[in-house]
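Asks: A single structure is presented below for examination.
The values are calculated or read from the model by the stated rules, or taken from the named source; none is laboratory data. None of the values given here were measured: they were computed from a predicted structure. Cβ: placed from backbone, ideal geometry, glycine included. Neighbour counts: every protein chain shown. All accessible areas refer to the heavy atoms of the entire protein, side chains included, with ligands and DNA or RNA removed. Shrake-Rupley method; radii C 1.70, N 1.55, O 1.52, S 1.80 Å.
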Amino acid sequence: MLPAPLAALVLLVTLAPAAQAQVGPHRQSGPRVGVTYLAPGVVARINEATRDGGTGDRIDPSFPVVTQFGWQFEFQTFQTASGATGVAEVVPLLSGLDRGLLLPSLTFVSGLRTPGGVEVGAGPNVSVSVHERPDRRGDQDVVGADVRLGLALVAGVNARLDGVSVPVNAAVVLGAGGARLSLLAGLNTSSARY
């Protein structure tokens with residue numbers, strides 16, 4: 001049998017990681033799906049970049065909303081004694097598939113998440129309008145891309161429903177042509193915490 005001080009030390013070392021793991025917020029890496037409202041200048045830029053020989057606008061200015069699908073990867077950068085956690089996130093998304101468009105974007109977010117799952121952050125965004133259209137002679141398709149940079153401002157909350165994490169984030173991306181307003185949700189069954 002172990003002496004009491006040694007047994008207490010073994011117990012403390014064994015339980016300390018488990019106790020600490022319950023302090024921080026839940027990890028939220030996983031799939032994302034949502035919608036994005038596009039400002040009129042953004043719609044005009046995308047329609048100009050994707051116009052394919054006169055078939056009209058790909059995004060109707062009277063309903064400037066596109067779907068988004070992607071994944072959120074995240075990494076802890078620090079954690080306070082109260083459990084507030086610094087998080088770096090990388091979020092690749094594909095937009096416009098519902099319109100027959102390929103509009104990829106990549107956002108890097110540096111933010112703070114509370115143990116209760118409320119988060120805020122900001123970071124750079126790169127968006128691309130990929131297009132294919134006839135060359136000047138009209139006899140060969142040319143693939144091109146219009147690349148834009150912006151600043152993403154993000155806020156969100158994480159709801160836990162029967163062991164499933166449901167992160168919901170709202171984002172505003174400020175850039176050339178106007179803003180893009182997004183609402184994204186995800187699912188994650190991991191119970192892991194930072």
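Asks: Please go through segment 143-169 and give me each residue that is assigned to a strand (DSSP E or B), open to solvent by 50 Å² or more (accessible area, probe 1.4 Å) and not β-branched (Val, Ile, Thr), ordered by number.
Replies: Going through segment 143-169, the residues assigned to a strand (DSSP E or B) turn out to be 143-161, 164-169.
Retained after the next criterion (residues that are open to solvent by 50 Å² or more (accessible area, probe 1.4 Å)): 143, 145, 147-149, 151, 153, 157, 160-161, 168.
Within segment 143-169, Ala145, Arg148, Leu149, Leu151, Leu153, Arg160, Leu161 meet the criteria.
Asks: Of the residues in segment 91-112, how many are within 20 Å of Ala145 (Cβ to Cβ), open to solvent by less than 50 Å² (accessible area, probe 1.4 Å) and assigned to a strand (DSSP E or B)?
Replies: Residues that pass the stated criteria total 8.
Asks: Here's something else I'd like to know. So in segment 5-43, with the set limited to residues that are modelled with pLDDT of 85 or more and in a helix (DSSP H, G or I), which one is surrounded by the fewest Cβ atoms within 10 Å (Cβ to Cβ)? Please lay out each step first, then the result.
Replies: Just the residues of segment 5-43 that are modelled with pLDDT of 85 or more, to begin with: 29-43.
From what's left, in a helix (DSSP H, G or I): 40-43.
Details: Pro40: 11, Gly41: 13, Val42: 24, Val43: 22.
Per the stated criteria, the residue is Pro40.
Asks: Got at least one residue in segment 44-65 being in a strand (DSSP E or B) and either hydrophobic (A, V, I, L, M, F, W, C) or open to solvent by less than 10 Å² (accessible area, probe 1.4 Å) (or both)? Before the answer, list the steps.
Replies: Of all residues in segment 44-65, those in a strand (DSSP E or B) come to 65.
Cutting the leftovers down to either hydrophobic (A, V, I, L, M, F, W, C) or open to solvent by less than 10 Å² (accessible area, probe 1.4 Å) (or both) gives us 65.
Checking segment 44-65: at least one residue is in a strand (DSSP E or B) and either hydrophobic (A, V, I, L, M, F, W, C) or open to solvent by less than 10 Å² (accessible area, probe 1.4 Å) (or both).
Asks: Still on this structure: With the structure loaded, tell me whether Ala122 is within 15 Å of Ser95 (Cβ to Cβ), part of a strand (DSSP E or B), of a type in the set (A, V, I, L, M) and at pLDDT 95 or above or whether it fails that test.
Replies: On the way: within 15 Å of Ser95 (Cβ to Cβ): no; part of a strand (DSSP E or B): yes; of a type in the set (A, V, I, L, M): yes; at pLDDT 95 or above: yes.
Here the answer is no, as Ala122 does not meet what is asked.
Asks: Moving to a separate point now. Go through segment 66-117 and give me each residue that's within 9 Å of the chain's Cα centre (by Cα) and among the polar types (S, T, N, Q).
Replies: Applying the first criterion (within 9 Å of the chain's Cα centre (by Cα)) to segment 66-117 yields 70-73, 89-93, 106-109.
Across segment 66-117, the qualifying residues are Gln72, Thr107.
Asks: Of the numbered conditions (1) at pLDDT below 90; (2) within 21 Å of Ala185 (Cβ to Cβ), Pro92 satisfies every one except a single condition; which is it?
Replies: Only one criterion in (1) at pLDDT below 90; (2) within 21 Å of Ala185 (Cβ to Cβ) is unmet by Pro92, namely (1).
Asks: Right, next: Consider only pairs whose beta carbons are under 8 Å apart and that are at least six residues apart or on different chains; among these, list those whose first residue lies in segment 59-76 and is without any contact (Cβ under 8 Å) to a residue 24 or more places away in the chain and whose second residue is surrounded by fewer than 15 Cβ atoms within 10 Å (Cβ to Cβ).
Replies: So the pair list comes out as Pro61/Pro40.
Asks: Here is a follow-up. What are the pairs with Cβ atoms under 7 angstrom where one residue, in segment 91-111, is among the charged types (D, E, K, R) and the other, located anywhere, is open to solvent by less than 70 Å² (accessible area, probe 1.4 Å) and assigned to a strand (DSSP E or B)? Sequence gap at least six, or different chains.
Replies: Partner pairs satisfying both residue conditions: Asp98/Val66; Asp98/Thr67; Arg99/Val66.
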